[in-house]
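J.: Below you will find the structure I want to go over with you.
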């Protein structure tokens with residue numbers, strides 16, 4: 001089967017590899033233009049582009065895929081399937097109609113839950129214990145097409161959004177191949193999404209990353225891991241800020257009622273902080289601006305924190 005693949009970041013790579021391993025003919029790849037990265041702002045290709053070039057596959061990087069000049073490219077490629085995995089642009093109708101069989105999207109949630117750009121992060125932030133991956137036939141409306149296949153994935157209390165995304169990308173790769181094979185056997189029964197159960201996963205922003213210690217520990221813990229690897233949850237600290245990368249919540253309220261944000265002491269390689277509703281969180285990995293990541297204990301010792309000091 002001839003496949004045009006649309007994808008950009010690391011999340012899309014396992015699906016791309018799976019297509020190659022299963023002898024599908026990837027006749028072209030559309031991916032986002034190279035973007036400046038790091039302090040030097042050097043242009044860097046996305047992970048999908050790098051893999052495509054290594055396999056001699058033509059790469060197209062339009063700034064806006066909806067421009068009329070791209071229509072001819074799709075017509076010349078004559079795809080049986082268009083496969084979209086974390087591409088990053090809204091597709092016009094003529095792209096969706098260019099596939100002989102179907103445009104297929106791999107989305108990292110159990111649709112109709114968490115439509116949008118950041119489903120793994122929001123599943124964590126909202127405290128889900130189970131999420132998953134959906135293969136859908138694409139419609140113009142975002143993430144709204146009928147579901148072809150789904151697979152669940154547990155959400156561990158210790159995994160962050162990046163780690164959960166890695167798990168979901170591997171599941172999505174297998175689900176994609178199953179979907180294409182079932183479609184070709186006419187063994188696919190699309191199921192329309194229930195619009196009454198839709199929830200959204202908008203793009204994560206830096207403004208969402210500031211910790212409010214008045215919240216319960218579990219809610220703060222979910223925010224910390226939902227913001228990891230980007231943008232990193234943070235707390236105000238001594239006129240600056242402190243990134244918090246790893247934590248663990250105390251699951252039961254204790255008989256300690258300090259003001260939220262109060263340093264309570266050390267625990268092994270970590271530091272404990274008072275949260276709202278009488279709960280406590282253990283901070284295991286933190287980082288000051290322009291410094292390396294350290295354990296909570298190392299930070300507390302270096303900052304000379306004393307019990308009763310405020311982490312604000």
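J.: Nearest 5 percent is fine: what portion of the DSSP beta bridges confined to the stretch 2-197 is antiparallel?
T.: So the antiparallel bridges amount to about 50 percent of the total.
J.: Over the C-alpha atoms of the stretch 104-175, what are the Rg and the largest Cα-to-Cα span, Dmax, in Å?
T.: Radius of gyration, then largest Cα-Cα span, for the stretch 104-175: 11.3, 36 Å.
J.: Nearest 0.05, what FRET efficiency do residue 97 and residue 54 give at R0 = 41 Å with Cβ-Cβ as r?
T.: With R0 = 41 Å, the Cβ-Cβ based efficiency is 0.85.
J.: Now a separate question. At 1.567 mPa s and 4 °C, plugging the Kirkwood radius over alpha-carbon pairs of the stretch 112-235 into Stokes-Einstein gives what diffusion coefficient in µm²/s?
T.: 83 µm²/s
J.: Please state, to two decimals, what the Cα-based radius of gyration of the stretch 206-302 comes to when divided by 2.2 N^0.38 Å (N = residues).
T.: 0.97
J.: For Cα Rg over 2.2 N^0.38 Å, the listed values are [x] 1.10; [y] 1.15; [z] 1.27; which was obtained by calculation from the structure presented?
T.: [y]
J.: Let me ask you something else. Please give the peptides 205-212, 176-183 ranked by average Cβ packing (other Cβ atoms within 10 Å per residue), highest first, as a rough proxy for protection.
T.: Descending packing order for the listed peptides: 176-183, 205-212.
J.: Let me ask something else. Need the full-extension length gain, residue 170 to residue 268, defined as separation in residues times 0.36 nm minus the C-alpha distance. One decimal, nm.
T.: Full extension from residue 170 to residue 268 adds 31.8 nm.
J.: Here's something else I'd like to know. Find the relative contact order for the chain and round it to a whole percent, using C-alpha pairs within less than 8 Å whose residues are 6+ positions apart.
T.: 13 percent
J.: I've got another one for you. What whole-number distance in Å separates the alpha-carbon centres of the stretch 27-98 and the stretch 187-266?
T.: 33 Å
J.: At 0.36 nm per residue, minus the direct Cα-Cα distance, what do residue 259 and residue 71 gain on full extension? Give it in nm, one decimal, please.
T.: 61.6 nm
J.: Here's a follow-up. Pop a pseudo-label 7 angstrom from the Cα along the beta-carbon direction at both residue 90 and residue 129 and give the gap in nm to one decimal.
T.: It is 3.8 nm.
J.: Let me ask something else. Based only on other Cβ atoms within 10 Å, what is the fewest-to-most ordering of 184, 275?
T.: Lowest count first: 184, 275.
J.: Neighbouring Cβ atoms within 10 Å as the yardstick, rank 60, 234, 114 fewest first.
T.: Ascending Cβ contact count within 10 Å gives the list 60, 234, 114.
Readers should treat all values here as calculations from the given coordinates under stated rules, not as data from a laboratory. Here the structure is a predicted model, which is why all the values come from computation and not from measurement. Virtual Cβ from ideal backbone geometry, glycine too; neighbours counted across all protein chains shown.
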